[in-house]
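Inspection log for the structure reproduced underneath, given as structure tokens.
The values are calculated or read from the model by the stated rules, or taken from the named source; none is laboratory data. Being a predicted model, the structure only gives us computed values, none of them experimental. Positions of Cβ are generated from backbone atoms using ideal geometry, with glycine treated the same way; all protein chains shown enter the neighbour counts. Areas reflect the complete protein model, heavy atoms only, side chains present, ligands, DNA and RNA absent. Shrake-Rupley method; radii C 1.70, N 1.55, O 1.52, S 1.80 Å.
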Amino acid sequence: MKKKLFALLFTICVASASAQILATANSDENKNILKMSASLFTRSTFQMGYERFFNSNTSFLVAAGLNFKDSDYEKVWGVRTEAQMKFHVYTVVKPQLSHRLYFAPYILNEYFETEGLRYNNNGNSSWQTDTFDAFGGGMLFGWSFSFANRINLDIYTGGGLRKTFNYNQDEYYYNDSVFDYNYSGISPRLGIDLGFWF
């Protein structure tokens, strides 16, 4: 009889303690993540994103960012928007953390106004101003890790196609690096986002 009474009291204590645990990233109450892209700081871009979970296997992310750079040889202002549909193919959920592997098709638009110092073959310099749009799409593969109840770390890689429009290249300036604002071609992606569940 004492063992049964002790087991009953223990069960009641555990149940009441469980009811007082705060909501975590894995609870049904939290289906949204507010994100900031840490990797885009290297491109002089501040980007925020909002991710909404429809169920445990599917979420949608929309993001917008502002690009600004003002140096002695280059001035850039731009706007960046992106949308991703995420399909979580592997999920491990624990009481205070979770791991998710996903793939995400994406579309991307960037608008830039640039002013750069260019040198011709004779060594003479001049300022060139241009305005152009870039559109792209592709596929990302990532790992989303939630910890400390509400913090989210998202690491992803992948790539796709990027095409720039309305860009008039200076006849003396040739640079087709994937890091150029005016780049057209296959574009690799690598990024890290930090987020907060709510």
Within the bounds of the stretch 154-167, is there any residue that is in contact (Cβ under 8 Å) with a residue 60 or more places away in the chain and surrounded by 15 or more Cβ atoms within 10 Å (Cβ to Cβ)?
yes
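Go through the stretch 77-92 and give me each residue that's open to solvent by less than 80 Å² (accessible area, probe 1.4 Å), touching a residue at least 12 places away in the same chain (Cβ under 8 Å) and of a type outside the set (Phe, Trp, Tyr).
Gly78, Val79, Arg80, Thr81, Glu82, Ala83, Gln84, Met85, Lys86, His88, Thr91
Looking at Ser59, Ser71, which one is among the small types (Gly, Ala, Ser) and at pLDDT below 95?
Every option except Ser71 fails the conditions.
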Among the residues of the stretch 93-111, write down those that are buried (at least 19 other Cβ atoms within 10 Å of the Cβ) and basic (Lys, Arg).
Arg100
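With the requirement that a residue be more than 20 Å from the chain's Cα centre (by Cα) and surrounded by fewer than 16 Cβ atoms within 10 Å (Cβ to Cβ), what does the stretch 64-76 give you?
Looking only at the stretch 64-76, we keep the residues that are more than 20 Å from the chain's Cα centre (by Cα), and these are 69-76.
Correct list: Lys69, Asp70, Ser71, Asp72, Tyr73, Glu74.
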If you go through the stretch 121-139 one residue at a time, do you hit one that is outside any strand (DSSP E or B) and open to solvent by less than 70 Å² (accessible area, probe 1.4 Å)?
yes
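Please work out which residue is nearest to Val178 (Cα to Cα), limiting yourself to the stretch 33-68 and to residues that are in a helix (DSSP H, G or I) and not hydroxyl-bearing (Ser, Thr, Tyr).
To start, the set of residues in the stretch 33-68 that are in a helix (DSSP H, G or I) comprises 39-43.
Then drop every residue that is not not hydroxyl-bearing (Ser, Thr, Tyr), which leaves 40-41, 43.
Values: Leu40: 14, Phe41: 17, Arg43: 12 Å.
Looking at the filtered set, the residue picked out is Arg43.
Based on this model, can you work out whether Asn149 counts as at positive phi, surrounded by 14 or more Cβ atoms within 10 Å (Cβ to Cβ), outside any strand (DSSP E or B) and in contact (Cβ under 8 Å) with a residue 24 or more places away in the chain?
Details: at positive phi: yes; surrounded by 14 or more Cβ atoms within 10 Å (Cβ to Cβ): yes; outside any strand (DSSP E or B): yes; in contact (Cβ under 8 Å) with a residue 24 or more places away in the chain: yes.
So Asn149 passes the test.
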Quick check on this structure: which one of Asp193, Asp176 is modelled with pLDDT of 95 or more and either loosely packed, with under 13 Cβ neighbours inside 10 Å or in contact with a strand residue (DSSP E or B) (Cβ under 9 Å, 6 or more places away or on another chain) (or both)?
Asp193
